[in-house]
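The structure under discussion appears below in the form of C-alpha coordinates.
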Amino acid sequence: MTIALRERLPRFPSKDTAKARITSVQAWELDVPASSFAPAGSYSNSDTDPTPPERQTWKAWTLVFYWFSDILTIQGWESMATIIDIGLTYKEAIWCTFLGDALIAIPVVLNGHIGTQLRVPFPIQARSSFGFHAAKGVVVVRIITALFWHALQTFSGSTVMVQVLTAMWPSFGNIPNTIPEDQDIDSKTLVAHFVFWSFQLPFVLIPPHRMKWFFYMKAVLMIATSLGIVGYLVHRAGTSGEIFDQRPAVAGSKRAWLTVYMLFQSVCGWATMATNIADVSRFVKSPKHQVVQAASLPLVGLYIGVMGMIACSATKVVYGDFIWSPADLLDKWQGSSGGRAAVFFCGMSFCLAQIGINMSANIVSLSNDLSGLFPRYINIKRGAFLGTLVGGWIMVPWKISGSAPQLVAFVSALAIFLAPISAILISDYFVVKRRAIDVPGLYDPDGRYRYWGGTNLRAVIALLVAVGPNLPGLAHDVTPSLDIGGAIYIYYMNYAVGFGLAASIYILLSVAFPVKESLVPTTIYAYEQRAVDPDSHNYINDEDNKLGASGFDRSD
(Lines give C-alpha, C1' and ligand atoms only; values in the text may rest on other atoms or scores of the structure.)
Protein backbone atom coordinates (compact mmCIF):
# COMPACT_ATOMS: atom_id res chain seq x y z
CA MET A 1 0.00 0.00 0.00
CA THR A 2 2.88 2.36 0.80
CA ILE A 3 4.24 1.94 -2.73
CA ALA A 4 0.79 2.47 -4.23
CA LEU A 5 0.21 5.67 -2.28
CA ARG A 6 3.68 6.97 -3.07
CA GLU A 7 2.90 6.50 -6.78
CA ARG A 8 -0.49 8.21 -6.52
CA LEU A 9 -0.12 11.03 -4.03
CA PRO A 10 0.97 14.33 -5.60
CA ARG A 11 4.49 15.50 -4.95
CA PHE A 12 4.75 19.00 -3.54
CA PRO A 13 5.88 21.37 -6.29
CA SER A 14 8.82 23.68 -5.86
CA LYS A 15 8.21 27.29 -4.84
CA ASP A 16 8.70 28.51 -8.41
CA THR A 17 6.38 25.84 -9.81
CA ALA A 18 3.67 26.62 -7.26
CA LYS A 19 3.86 30.32 -8.08
CA ALA A 20 3.70 29.62 -11.80
CA ARG A 21 0.60 27.43 -11.37
CA ILE A 22 -1.22 30.28 -9.69
CA THR A 23 -0.63 32.62 -12.61
CA SER A 24 -0.44 30.32 -15.64
CA VAL A 25 -2.51 27.41 -16.93
CA GLN A 26 0.48 26.20 -18.96
CA ALA A 27 2.33 25.47 -15.71
CA TRP A 28 -0.15 22.64 -15.09
CA GLU A 29 0.76 20.82 -18.31
CA LEU A 30 1.86 17.25 -17.82
CA ASP A 31 5.22 15.97 -18.98
CA VAL A 32 4.42 13.84 -22.01
CA PRO A 33 6.98 11.12 -22.81
CA ALA A 34 8.29 10.79 -26.33
CA SER A 35 6.67 7.34 -26.58
CA SER A 36 3.15 8.79 -26.32
CA PHE A 37 0.77 7.37 -28.91
CA ALA A 38 -0.60 10.78 -29.83
CA PRO A 39 0.97 12.40 -32.89
CA ALA A 40 2.66 15.80 -32.76
CA GLY A 41 0.16 18.56 -32.09
CA SER A 42 -2.19 16.30 -30.13
CA TYR A 43 -2.09 15.20 -26.51
CA SER A 44 -2.12 12.01 -24.52
CA ASN A 45 -0.43 10.86 -21.32
CA SER A 46 0.74 7.63 -19.77
CA ASP A 47 -2.68 6.99 -18.18
CA THR A 48 -4.69 7.42 -21.38
CA ASP A 49 -2.18 5.42 -23.42
CA PRO A 50 -2.79 1.66 -23.80
CA THR A 51 -2.04 -0.30 -20.63
CA PRO A 52 1.51 -1.71 -20.89
CA PRO A 53 2.01 -5.47 -20.36
CA GLU A 54 3.63 -5.03 -16.95
CA ARG A 55 0.38 -3.52 -15.61
CA GLN A 56 -1.86 -6.25 -17.03
CA THR A 57 -1.84 -8.13 -13.73
CA TRP A 58 -5.50 -8.88 -12.96
CA LYS A 59 -6.66 -12.49 -13.15
CA ALA A 60 -10.05 -14.19 -12.94
CA TRP A 61 -10.14 -14.16 -9.13
CA THR A 62 -9.29 -10.47 -9.14
CA LEU A 63 -12.44 -9.76 -11.13
CA VAL A 64 -14.53 -11.97 -8.85
CA PHE A 65 -13.38 -9.95 -5.85
CA TYR A 66 -13.73 -6.75 -7.87
CA TRP A 67 -17.46 -7.42 -8.03
CA PHE A 68 -17.49 -8.20 -4.33
CA SER A 69 -16.04 -4.71 -3.90
CA ASP A 70 -18.65 -3.16 -6.18
CA ILE A 71 -21.73 -4.94 -4.83
CA LEU A 72 -21.16 -5.61 -1.11
CA THR A 73 -22.28 -2.12 -0.12
CA ILE A 74 -25.04 -0.31 1.74
CA GLN A 75 -26.92 0.01 -1.56
CA GLY A 76 -26.52 -3.72 -2.20
CA TRP A 77 -27.79 -4.49 1.31
CA GLU A 78 -30.90 -2.37 0.67
CA SER A 79 -31.35 -3.46 -2.97
CA MET A 80 -34.51 -5.53 -2.42
CA ALA A 81 -36.22 -2.90 -0.26
CA THR A 82 -37.85 -0.99 -3.11
CA ILE A 83 -39.14 -4.16 -4.75
CA ILE A 84 -40.91 -5.22 -1.56
CA ASP A 85 -42.05 -1.71 -0.64
CA ILE A 86 -44.01 -1.29 -3.90
CA GLY A 87 -46.07 -4.39 -3.10
CA LEU A 88 -44.19 -7.35 -4.57
CA THR A 89 -43.05 -10.40 -2.59
CA TYR A 90 -39.65 -11.71 -1.54
CA LYS A 91 -39.74 -14.23 -4.40
CA GLU A 92 -40.11 -11.50 -6.99
CA ALA A 93 -37.41 -9.47 -5.24
CA ILE A 94 -35.01 -12.39 -5.52
CA TRP A 95 -35.79 -13.11 -9.16
CA CYS A 96 -35.75 -9.47 -10.24
CA THR A 97 -32.38 -8.93 -8.58
CA PHE A 98 -30.78 -12.10 -9.91
CA LEU A 99 -32.14 -11.91 -13.46
CA GLY A 100 -31.50 -8.18 -13.70
CA ASP A 101 -27.87 -8.64 -12.71
CA ALA A 102 -27.55 -11.63 -15.05
CA LEU A 103 -28.88 -9.58 -17.98
CA ILE A 104 -26.60 -6.61 -17.39
CA ALA A 105 -23.68 -9.03 -17.08
CA ILE A 106 -24.00 -9.69 -20.83
CA PRO A 107 -22.93 -6.18 -21.98
CA VAL A 108 -20.44 -6.10 -19.09
CA VAL A 109 -18.70 -9.20 -20.44
CA LEU A 110 -18.90 -8.08 -24.08
CA ASN A 111 -17.50 -4.62 -23.35
CA GLY A 112 -15.03 -6.18 -20.96
CA HIS A 113 -13.70 -8.33 -23.78
CA ILE A 114 -13.03 -5.19 -25.82
CA GLY A 115 -10.97 -3.79 -22.96
CA THR A 116 -8.83 -6.93 -22.76
CA GLN A 117 -8.17 -6.71 -26.50
CA LEU A 118 -7.51 -3.01 -27.05
CA ARG A 119 -6.06 -2.22 -23.58
CA VAL A 120 -7.42 1.33 -23.72
CA PRO A 121 -9.71 3.19 -21.28
CA PHE A 122 -13.33 3.97 -22.09
CA PRO A 123 -12.74 7.55 -23.38
CA ILE A 124 -10.31 6.20 -25.97
CA GLN A 125 -12.43 3.15 -26.81
CA ALA A 126 -15.41 5.40 -27.57
CA ARG A 127 -13.48 7.15 -30.36
CA SER A 128 -13.74 4.06 -32.55
CA SER A 129 -17.54 4.21 -32.48
CA PHE A 130 -18.42 7.89 -32.03
CA GLY A 131 -15.45 9.64 -33.59
CA PHE A 132 -12.47 11.38 -32.06
CA HIS A 133 -14.40 14.47 -30.90
CA ALA A 134 -17.98 13.19 -30.49
CA ALA A 135 -16.67 10.62 -28.02
CA LYS A 136 -16.09 13.51 -25.61
CA GLY A 137 -19.84 14.02 -25.29
CA VAL A 138 -20.29 10.36 -24.40
CA VAL A 139 -17.57 10.68 -21.77
CA VAL A 140 -19.32 13.71 -20.23
CA VAL A 141 -22.47 11.62 -19.69
CA ARG A 142 -20.41 9.03 -17.82
CA ILE A 143 -18.68 11.74 -15.77
CA ILE A 144 -22.05 13.12 -14.64
CA THR A 145 -23.27 9.73 -13.46
CA ALA A 146 -19.97 8.92 -11.74
CA LEU A 147 -19.91 12.25 -9.89
CA PHE A 148 -23.45 11.87 -8.61
CA TRP A 149 -22.97 8.25 -7.53
CA HIS A 150 -19.68 9.13 -5.87
CA ALA A 151 -21.45 11.88 -3.94
CA LEU A 152 -24.34 9.65 -2.87
CA GLN A 153 -22.21 6.67 -1.90
CA THR A 154 -19.75 8.84 -0.01
CA PHE A 155 -22.57 10.34 2.04
CA SER A 156 -23.99 6.86 2.69
CA GLY A 157 -20.63 6.00 4.23
CA SER A 158 -20.79 9.17 6.31
CA THR A 159 -24.13 8.14 7.87
CA VAL A 160 -22.50 4.93 9.08
CA MET A 161 -19.44 6.87 10.27
CA VAL A 162 -21.79 8.76 12.63
CA GLN A 163 -22.50 5.45 14.34
CA VAL A 164 -18.82 4.46 14.41
CA LEU A 165 -17.81 7.73 16.06
CA THR A 166 -20.70 7.46 18.53
CA ALA A 167 -19.59 3.94 19.44
CA MET A 168 -16.08 5.24 20.15
CA TRP A 169 -17.24 8.38 22.01
CA PRO A 170 -20.90 8.11 23.11
CA SER A 171 -20.99 11.86 23.72
CA PHE A 172 -20.50 12.38 19.98
CA GLY A 173 -24.11 11.38 19.42
CA ASN A 174 -25.23 14.30 21.58
CA ILE A 175 -23.26 17.06 19.85
CA PRO A 176 -25.52 20.15 19.68
CA ASN A 177 -26.61 21.03 16.19
CA THR A 178 -25.66 24.53 15.05
CA ILE A 179 -26.52 24.11 11.36
CA PRO A 180 -29.86 25.47 10.06
CA GLU A 181 -32.47 22.79 9.43
CA ASP A 182 -32.89 23.73 5.77
CA GLN A 183 -29.30 22.57 5.06
CA ASP A 184 -30.38 18.90 5.37
CA ILE A 185 -27.46 17.99 7.63
CA ASP A 186 -26.64 18.38 11.32
CA SER A 187 -23.33 19.13 13.01
CA LYS A 188 -22.39 15.59 13.98
CA THR A 189 -23.13 14.26 10.48
CA LEU A 190 -21.03 17.01 8.91
CA VAL A 191 -18.12 16.08 11.19
CA ALA A 192 -18.62 12.41 10.34
CA HIS A 193 -18.67 13.29 6.64
CA PHE A 194 -15.34 15.06 6.96
CA VAL A 195 -13.87 12.09 8.85
CA PHE A 196 -15.18 9.58 6.30
CA TRP A 197 -14.03 11.63 3.30
CA SER A 198 -10.58 12.07 4.83
CA PHE A 199 -10.38 8.36 5.64
CA GLN A 200 -11.45 7.51 2.08
CA LEU A 201 -9.04 9.89 0.34
CA PRO A 202 -5.82 7.82 0.42
CA PHE A 203 -7.69 4.72 -0.76
CA VAL A 204 -9.21 6.37 -3.85
CA LEU A 205 -5.72 7.59 -4.77
CA ILE A 206 -4.45 4.03 -5.19
CA PRO A 207 -3.76 3.22 -8.88
CA PRO A 208 -6.15 0.66 -10.42
CA HIS A 209 -3.52 -1.99 -11.08
CA ARG A 210 -2.64 -1.97 -7.36
CA MET A 211 -6.20 -2.21 -5.97
CA LYS A 212 -6.34 -6.01 -5.82
CA TRP A 213 -5.44 -6.35 -2.14
CA PHE A 214 -8.29 -4.02 -1.17
CA PHE A 215 -10.82 -6.12 -3.09
CA TYR A 216 -9.72 -9.24 -1.22
CA MET A 217 -9.80 -7.52 2.17
CA LYS A 218 -13.22 -5.98 1.65
CA ALA A 219 -14.74 -9.26 0.46
CA VAL A 220 -13.60 -11.11 3.58
CA LEU A 221 -14.75 -8.34 5.94
CA MET A 222 -18.16 -7.82 4.34
CA ILE A 223 -18.96 -11.52 4.07
CA ALA A 224 -18.09 -11.98 7.74
CA THR A 225 -20.04 -8.86 8.74
CA SER A 226 -23.16 -9.75 6.77
CA LEU A 227 -23.21 -13.32 8.09
CA GLY A 228 -22.65 -12.07 11.63
CA ILE A 229 -25.47 -9.51 11.48
CA VAL A 230 -27.95 -11.95 9.96
CA GLY A 231 -26.97 -14.72 12.37
CA TYR A 232 -27.38 -12.44 15.39
CA LEU A 233 -30.75 -11.04 14.31
CA VAL A 234 -32.25 -14.40 13.33
CA HIS A 235 -31.04 -15.90 16.61
CA ARG A 236 -32.66 -13.10 18.62
CA ALA A 237 -35.85 -13.22 16.59
CA GLY A 238 -36.09 -17.00 16.65
CA THR A 239 -37.40 -16.80 13.09
CA SER A 240 -36.60 -15.25 9.73
CA GLY A 241 -39.49 -12.80 10.20
CA GLU A 242 -42.61 -11.63 8.39
CA ILE A 243 -41.29 -10.65 4.97
CA PHE A 244 -41.27 -14.27 3.86
CA ASP A 245 -44.96 -14.64 4.75
CA GLN A 246 -46.21 -11.45 3.11
CA ARG A 247 -48.74 -11.65 0.31
CA PRO A 248 -48.42 -9.39 -2.75
CA ALA A 249 -50.14 -6.02 -2.35
CA VAL A 250 -50.85 -5.79 -6.10
CA ALA A 251 -52.38 -8.23 -8.56
CA GLY A 252 -53.04 -8.88 -12.23
CA SER A 253 -51.40 -6.82 -14.95
CA LYS A 254 -50.24 -4.21 -12.44
CA ARG A 255 -48.23 -6.85 -10.62
CA ALA A 256 -46.79 -8.13 -13.90
CA TRP A 257 -45.73 -4.67 -15.08
CA LEU A 258 -44.25 -3.77 -11.70
CA THR A 259 -42.22 -6.98 -11.86
CA VAL A 260 -40.94 -6.01 -15.31
CA TYR A 261 -40.15 -2.51 -14.07
CA MET A 262 -38.18 -3.74 -11.06
CA LEU A 263 -36.36 -6.28 -13.22
CA PHE A 264 -35.05 -3.51 -15.46
CA GLN A 265 -34.34 -1.30 -12.46
CA SER A 266 -31.93 -4.04 -11.41
CA VAL A 267 -30.49 -4.05 -14.93
CA CYS A 268 -30.00 -0.28 -14.82
CA GLY A 269 -28.20 -0.53 -11.51
CA TRP A 270 -25.00 -1.55 -13.31
CA ALA A 271 -25.57 0.28 -16.60
CA THR A 272 -22.66 2.51 -15.62
CA MET A 273 -20.11 -0.30 -15.43
CA ALA A 274 -21.53 -1.97 -18.55
CA THR A 275 -20.51 1.21 -20.36
CA ASN A 276 -16.99 1.80 -19.07
CA ILE A 277 -15.86 -1.66 -17.92
CA ALA A 278 -12.88 -1.28 -20.28
CA ASP A 279 -11.42 1.08 -17.65
CA VAL A 280 -11.06 -2.05 -15.52
CA SER A 281 -10.72 -4.94 -17.95
CA ARG A 282 -7.72 -3.37 -19.68
CA PHE A 283 -5.72 -4.48 -16.63
CA VAL A 284 -6.83 -8.13 -16.96
CA LYS A 285 -4.05 -10.47 -17.97
CA SER A 286 -6.00 -12.66 -20.42
CA PRO A 287 -9.32 -12.19 -22.26
CA LYS A 288 -10.68 -15.46 -20.90
CA HIS A 289 -10.26 -14.27 -17.31
CA GLN A 290 -12.90 -11.56 -17.60
CA VAL A 291 -15.67 -14.02 -18.54
CA VAL A 292 -16.10 -14.85 -14.82
CA GLN A 293 -18.04 -11.60 -14.53
CA ALA A 294 -21.02 -13.38 -16.09
CA ALA A 295 -21.42 -15.43 -12.92
CA SER A 296 -19.85 -13.28 -10.22
CA LEU A 297 -22.02 -10.21 -10.83
CA PRO A 298 -25.47 -11.87 -10.40
CA LEU A 299 -24.37 -14.28 -7.66
CA VAL A 300 -22.74 -11.62 -5.48
CA GLY A 301 -25.71 -9.31 -6.05
CA LEU A 302 -28.10 -12.07 -5.00
CA TYR A 303 -26.07 -12.86 -1.88
CA ILE A 304 -25.94 -9.37 -0.41
CA GLY A 305 -29.57 -8.63 -1.36
CA VAL A 306 -30.82 -11.77 0.39
CA MET A 307 -28.68 -11.03 3.46
CA GLY A 308 -30.17 -7.54 3.70
CA MET A 309 -33.70 -8.88 3.27
CA ILE A 310 -33.33 -11.58 5.96
CA ALA A 311 -31.85 -9.04 8.37
CA CYS A 312 -34.65 -6.56 7.70
CA SER A 313 -37.29 -9.24 8.17
CA ALA A 314 -35.84 -10.23 11.54
CA THR A 315 -35.68 -6.62 12.74
CA LYS A 316 -39.48 -6.45 12.64
CA VAL A 317 -39.59 -9.18 15.29
CA VAL A 318 -36.70 -7.82 17.38
CA TYR A 319 -37.34 -4.06 17.21
CA GLY A 320 -40.94 -3.77 15.99
CA ASP A 321 -40.08 -2.14 12.65
CA PHE A 322 -38.58 -3.18 9.33
CA ILE A 323 -35.07 -1.68 9.28
CA TRP A 324 -33.32 -1.69 5.90
CA SER A 325 -30.67 0.94 6.59
CA PRO A 326 -27.45 -0.39 8.19
CA ALA A 327 -26.95 2.99 9.89
CA ASP A 328 -30.39 2.80 11.52
CA LEU A 329 -29.75 -0.79 12.56
CA LEU A 330 -26.41 0.05 14.16
CA ASP A 331 -28.06 2.88 16.07
CA LYS A 332 -30.16 0.26 17.89
CA TRP A 333 -27.00 -1.29 19.35
CA GLN A 334 -25.51 1.79 20.98
CA GLY A 335 -26.94 1.09 24.46
CA SER A 336 -24.18 -1.15 25.86
CA SER A 337 -20.41 -1.53 25.67
CA GLY A 338 -20.78 -4.85 23.85
CA GLY A 339 -23.23 -3.29 21.43
CA ARG A 340 -20.90 -0.37 20.77
CA ALA A 341 -18.07 -2.80 20.00
CA ALA A 342 -20.32 -4.50 17.44
CA VAL A 343 -21.26 -1.09 16.02
CA PHE A 344 -17.61 -0.16 15.61
CA PHE A 345 -16.57 -3.32 13.77
CA CYS A 346 -19.71 -3.64 11.64
CA GLY A 347 -19.72 0.09 10.94
CA MET A 348 -16.10 0.09 9.82
CA SER A 349 -16.89 -2.81 7.48
CA PHE A 350 -19.72 -0.82 5.89
CA CYS A 351 -17.47 2.24 5.66
CA LEU A 352 -14.88 0.17 3.82
CA ALA A 353 -17.70 -1.17 1.65
CA GLN A 354 -18.57 2.35 0.51
CA ILE A 355 -14.92 3.18 -0.04
CA GLY A 356 -14.60 0.05 -2.16
CA ILE A 357 -17.39 0.94 -4.56
CA ASN A 358 -16.10 4.50 -4.83
CA MET A 359 -12.66 3.15 -5.69
CA SER A 360 -13.70 0.52 -8.21
CA ALA A 361 -16.88 1.91 -9.79
CA ASN A 362 -16.69 5.69 -9.46
CA ILE A 363 -13.17 7.05 -9.09
CA VAL A 364 -11.62 4.69 -11.64
CA SER A 365 -14.21 5.91 -14.14
CA LEU A 366 -13.98 9.57 -13.15
CA SER A 367 -10.20 9.73 -13.27
CA ASN A 368 -10.04 7.96 -16.64
CA ASP A 369 -12.77 10.16 -18.09
CA LEU A 370 -11.22 13.42 -16.90
CA SER A 371 -7.83 12.29 -18.14
CA GLY A 372 -9.36 11.39 -21.50
CA LEU A 373 -11.00 14.81 -21.84
CA PHE A 374 -8.02 16.83 -20.64
CA PRO A 375 -4.91 14.69 -21.24
CA ARG A 376 -2.75 17.79 -21.44
CA TYR A 377 -3.43 18.70 -17.80
CA ILE A 378 -5.07 15.76 -16.00
CA ASN A 379 -3.75 12.27 -15.46
CA ILE A 380 -5.41 9.60 -13.30
CA LYS A 381 -3.68 10.97 -10.20
CA ARG A 382 -5.12 14.45 -10.62
CA GLY A 383 -8.45 13.14 -11.89
CA ALA A 384 -8.95 10.97 -8.80
CA PHE A 385 -8.33 13.85 -6.41
CA LEU A 386 -10.44 16.30 -8.43
CA GLY A 387 -13.29 13.79 -8.70
CA THR A 388 -13.47 13.02 -4.99
CA LEU A 389 -13.19 16.72 -4.12
CA VAL A 390 -16.09 17.65 -6.39
CA GLY A 391 -18.23 14.63 -5.54
CA GLY A 392 -17.49 14.71 -1.84
CA TRP A 393 -17.91 18.43 -1.16
CA ILE A 394 -18.65 20.80 -4.04
CA MET A 395 -21.78 18.88 -5.08
CA VAL A 396 -23.07 19.01 -1.46
CA PRO A 397 -23.99 15.29 -1.30
CA TRP A 398 -26.27 15.64 1.74
CA LYS A 399 -28.46 17.97 -0.31
CA ILE A 400 -28.66 15.42 -3.12
CA SER A 401 -29.45 12.60 -0.71
CA GLY A 402 -31.84 14.36 1.64
CA SER A 403 -33.82 17.02 -0.16
CA ALA A 404 -33.92 16.22 -3.86
CA PRO A 405 -35.54 12.82 -4.57
CA GLN A 406 -36.33 13.93 -8.11
CA LEU A 407 -32.64 14.59 -8.70
CA VAL A 408 -31.76 11.11 -7.44
CA ALA A 409 -34.41 9.68 -9.77
CA PHE A 410 -32.92 11.66 -12.65
CA VAL A 411 -29.44 10.28 -11.97
CA SER A 412 -30.82 6.74 -11.87
CA ALA A 413 -32.67 7.39 -15.11
CA LEU A 414 -29.46 8.32 -16.92
CA ALA A 415 -29.34 4.65 -17.83
CA ILE A 416 -31.51 5.60 -20.81
CA PHE A 417 -28.39 7.27 -22.23
CA LEU A 418 -25.92 4.63 -21.06
CA ALA A 419 -27.80 1.72 -22.64
CA PRO A 420 -27.51 3.11 -26.22
CA ILE A 421 -23.87 4.03 -25.62
CA SER A 422 -23.05 0.47 -24.55
CA ALA A 423 -25.01 -0.94 -27.47
CA ILE A 424 -23.13 1.21 -29.99
CA LEU A 425 -19.73 0.32 -28.51
CA ILE A 426 -20.50 -3.40 -28.63
CA SER A 427 -22.16 -3.50 -32.05
CA ASP A 428 -19.40 -1.35 -33.55
CA TYR A 429 -16.64 -3.65 -32.32
CA PHE A 430 -18.23 -7.06 -32.90
CA VAL A 431 -20.41 -6.42 -35.98
CA VAL A 432 -19.26 -3.33 -37.88
CA LYS A 433 -15.50 -3.47 -37.22
CA ARG A 434 -15.46 -7.28 -36.93
CA ARG A 435 -13.14 -7.14 -33.90
CA ALA A 436 -10.40 -5.34 -35.86
CA ILE A 437 -9.27 -1.94 -34.52
CA ASP A 438 -6.24 0.23 -35.23
CA VAL A 439 -5.32 1.00 -31.61
CA PRO A 440 -2.64 3.65 -32.35
CA GLY A 441 -5.15 5.23 -34.74
CA LEU A 442 -7.46 5.95 -31.80
CA TYR A 443 -5.00 8.64 -30.69
CA ASP A 444 -4.81 10.47 -34.02
CA PRO A 445 -7.39 13.30 -34.32
CA ASP A 446 -6.96 13.30 -38.09
CA GLY A 447 -6.75 9.53 -38.49
CA ARG A 448 -9.13 6.81 -39.58
CA TYR A 449 -11.55 7.41 -36.68
CA ARG A 450 -12.10 11.08 -37.42
CA TYR A 451 -15.17 10.31 -39.57
CA TRP A 452 -16.88 13.65 -40.38
CA GLY A 453 -15.25 16.48 -38.46
CA GLY A 454 -14.48 14.14 -35.58
CA THR A 455 -18.05 12.81 -35.40
CA ASN A 456 -19.51 9.50 -36.53
CA LEU A 457 -23.01 10.65 -37.45
CA ARG A 458 -24.27 7.04 -37.53
CA ALA A 459 -23.54 6.68 -33.83
CA VAL A 460 -25.01 10.06 -32.93
CA ILE A 461 -28.23 9.37 -34.85
CA ALA A 462 -28.55 5.91 -33.29
CA LEU A 463 -28.05 7.37 -29.82
CA LEU A 464 -30.60 10.15 -30.24
CA VAL A 465 -33.26 7.89 -31.77
CA ALA A 466 -32.77 5.25 -29.06
CA VAL A 467 -33.12 7.79 -26.26
CA GLY A 468 -36.33 9.29 -27.68
CA PRO A 469 -38.90 6.65 -26.61
CA ASN A 470 -37.65 6.79 -23.01
CA LEU A 471 -37.76 10.58 -22.60
CA PRO A 472 -41.42 10.70 -21.45
CA GLY A 473 -40.57 8.14 -18.77
CA LEU A 474 -37.59 10.22 -17.67
CA ALA A 475 -39.87 13.24 -17.35
CA HIS A 476 -42.28 11.16 -15.26
CA ASP A 477 -39.43 10.03 -12.99
CA VAL A 478 -38.46 13.63 -12.32
CA THR A 479 -42.10 14.81 -12.04
CA PRO A 480 -44.23 11.86 -10.81
CA SER A 481 -47.47 13.84 -11.17
CA LEU A 482 -46.94 14.04 -14.95
CA ASP A 483 -49.30 11.69 -16.82
CA ILE A 484 -47.58 10.10 -19.83
CA GLY A 485 -50.18 7.42 -20.56
CA GLY A 486 -49.02 4.17 -22.15
CA ALA A 487 -45.50 5.52 -22.67
CA ILE A 488 -44.78 4.46 -19.10
CA TYR A 489 -44.73 0.81 -20.20
CA ILE A 490 -41.93 1.55 -22.66
CA TYR A 491 -40.00 3.16 -19.85
CA TYR A 492 -40.50 0.09 -17.67
CA MET A 493 -38.22 -1.70 -20.17
CA ASN A 494 -35.96 1.31 -20.75
CA TYR A 495 -32.62 -0.49 -20.91
CA ALA A 496 -33.83 -3.13 -23.36
CA VAL A 497 -35.56 -0.53 -25.55
CA GLY A 498 -32.55 1.79 -25.64
CA PHE A 499 -30.02 -0.98 -26.18
CA GLY A 500 -31.99 -2.77 -28.89
CA LEU A 501 -32.85 0.37 -30.85
CA ALA A 502 -29.33 1.78 -30.73
CA ALA A 503 -27.66 -1.45 -31.82
CA SER A 504 -30.12 -2.04 -34.67
CA ILE A 505 -30.02 1.51 -36.02
CA TYR A 506 -26.25 1.79 -35.75
CA ILE A 507 -25.64 -1.48 -37.60
CA LEU A 508 -28.15 -0.58 -40.34
CA LEU A 509 -26.65 2.88 -40.87
CA SER A 510 -23.11 1.50 -40.87
CA VAL A 511 -24.03 -1.10 -43.48
CA ALA A 512 -25.95 1.40 -45.62
CA PHE A 513 -23.32 4.14 -45.33
CA PRO A 514 -20.02 2.41 -44.56
CA VAL A 515 -16.85 4.30 -43.67
CA LYS A 516 -14.30 2.10 -45.38
CA GLU A 517 -11.27 4.00 -44.11
CA SER A 518 -12.27 3.10 -40.52
CA LEU A 519 -12.00 -0.62 -41.28
CA VAL A 520 -8.81 -2.65 -40.98
CA PRO A 521 -8.34 -6.34 -41.84
CA THR A 522 -6.94 -7.22 -38.41
CA THR A 523 -6.31 -5.49 -35.11
CA ILE A 524 -3.22 -3.31 -34.91
CA TYR A 525 -2.15 -3.55 -31.29
CA ALA A 526 -0.37 -0.88 -29.31
CA TYR A 527 2.19 -3.32 -27.96
CA GLU A 528 3.54 -6.54 -29.35
CA GLN A 529 1.39 -9.31 -27.98
CA ARG A 530 0.22 -12.77 -28.79
CA ALA A 531 -2.87 -12.99 -30.93
CA VAL A 532 -6.06 -14.28 -29.31
CA ASP A 533 -8.29 -16.91 -30.85
CA PRO A 534 -11.69 -15.18 -31.22
CA ASP A 535 -13.65 -18.34 -30.41
CA SER A 536 -11.74 -19.85 -27.48
CA HIS A 537 -10.39 -16.52 -26.14
CA ASN A 538 -7.05 -18.27 -25.60
CA TYR A 539 -3.72 -16.98 -26.79
CA ILE A 540 -2.33 -18.44 -29.99
CA ASN A 541 1.17 -19.71 -29.27
CA ASP A 542 2.38 -19.49 -32.85
CA GLU A 543 5.14 -16.86 -32.92
CA ASP A 544 4.14 -15.94 -36.47
CA ASN A 545 0.81 -14.68 -35.17
CA LYS A 546 2.29 -11.91 -33.06
CA LEU A 547 0.83 -8.54 -33.99
CA GLY A 548 2.20 -5.19 -33.05
CA ALA A 549 2.53 -1.55 -33.86
CA SER A 550 4.58 1.17 -32.33
CA GLY A 551 3.08 4.45 -31.20
CA PHE A 552 3.73 7.82 -32.75
CA ASP A 553 6.98 9.50 -31.81
CA ARG A 554 6.53 13.00 -30.44
CA SER A 555 10.27 13.68 -30.43
CA ASP A 556 10.10 15.43 -33.77
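So that you can scan it fast, the table gives a plain yes or no per residue for (1) in a helix (DSSP H, G or I); (2) surrounded by 14 or more Cβ atoms within 10 Å (Cβ to Cβ):
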position: T178; (1), (2): no, no
position: D182; (1), (2): yes, no
position: T189; (1), (2): yes, yes
position: A192; (1), (2): yes, yes
position: W197; (1), (2): yes, yes
position: L201; (1), (2): yes, yes
position: I206; (1), (2): no, yes
position: W213; (1), (2): yes, no
position: M217; (1), (2): yes, yes
Practice task
Please find, within region 164-175, the residue that is surrounded by the fewest Cβ atoms within 10 Å (Cβ to Cβ) out of those that are of a type outside the set (A, V, I, L, M) and farther than 12 Å from V191 by Cα.
Solution key: S171
Exercise for the section: Please verify whether region 221-243 includes one or more residues that are closer than 30 Å to S367 by Cβ, of a type outside the set (A, V, I, L, M, F, W, C), at pLDDT 95 or above and assigned to a helix (DSSP H, G or I). Expected result: yes
Handout entry: Residues being basic (K, R) and buried (at least 24 other Cβ atoms within 10 Å of the Cβ) - total across region 128-152
Key = 1
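Under the condition of being polar (S, T, N, Q) and under 21 Å from the mean Cα position of the chain (by Cα), which residue from region 250-271 is nearest to I490 (Cα to Cα)? Spell out how you get there, then give the answer.
Here is the first cut: in region 250-271, the ones polar (S, T, N, Q) are 253, 259, 265-266.
So of that shortlist, the ones also under 21 Å from the mean Cα position of the chain (by Cα) come out as 265-266.
On the way: Q265: 13, S266: 16 Å.
Step by step, filter region 250-271, then rank; the result is Q265.
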Practice task
Filter region 244-296 for residues that are surrounded by 15 or more Cβ atoms within 10 Å (Cβ to Cβ), part of a helix (DSSP H, G or I) and aromatic (F, W, Y) and give the result.
Solution key: W257, Y261, F264
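Do we find that W398 is touching a residue at least 40 places away in the same chain (Cβ under 8 Å), surrounded by fewer than 17 Cβ atoms within 10 Å (Cβ to Cβ) and of a type in the set (F, W, Y) in this structure?
So W398 does not fit the description; no.
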Exercise for the section: Tell me, yes or no, whether region 178-193 has at least one residue that is closer than 19 Å to F350 by Cα, at pLDDT 95 or above and either of a type in the set (D, E) or touching a Ser or Thr at 6+ places or on another chain (Cβ under 6 Å) (or both). Expected result: yes
Practice task
Determine which single condition I424 fails, assuming it passes every other condition in (1) more than 30 Å from Y90 (Cα to Cα); (2) β-branched (V, I, T); (3) in contact (Cβ under 8 Å) with a residue 24 or more places away in the chain; (4) surrounded by fewer than 17 Cβ atoms within 10 Å (Cβ to Cβ).
Solution key: (4)
Exercise for the section: Give the number of residues within region 468-502 that are buried (at least 20 other Cβ atoms within 10 Å of the Cβ) and β-branched (V, I, T). Expected result: 1
Practice task
Can you confirm whether region 116-127 contains a residue that is of a type in the set (G, A, S) and surrounded by fewer than 23 Cβ atoms within 10 Å (Cβ to Cβ)?
Solution key: no
Exercise for the section: Name the helices (runs of 4 or more DSSP H) wholly inside region 322-428 in which the number of residues that are polar (S, T, N, Q) and within 18 Å of the chain's Cα centre (by Cα) is 3 or more. Expected result: 364-373
Exercise for the section: Just give me the residues in region 448-467 being aromatic (F, W, Y) and surrounded by fewer than 16 Cβ atoms within 10 Å (Cβ to Cβ), in sequence order. Expected result: W452
Problem - Test: I310 is touching a Phe, Trp or Tyr at 6+ places or on another chain (Cβ under 7 Å), touching a residue at least 40 places away in the same chain (Cβ under 8 Å) and outside any loop (DSSP other than H, G, I, E, B) - result: no
Exercise for the section: Can you tell me which residue among V364, V291, V280 is farther than 25 Å from I229 by Cα and in contact with an Asp or Glu (Cβ under 6 Å, 6 or more places away or on another chain)? Expected result: V364
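The values are calculated or read from the model by the stated rules, or taken from the named source; none is laboratory data. Predicted, not measured: the structure shown is a model, and the values here were computed from it. Note that we place each Cβ from the backbone using ideal geometry, even for glycine, and neighbour counts take in every protein chain shown.
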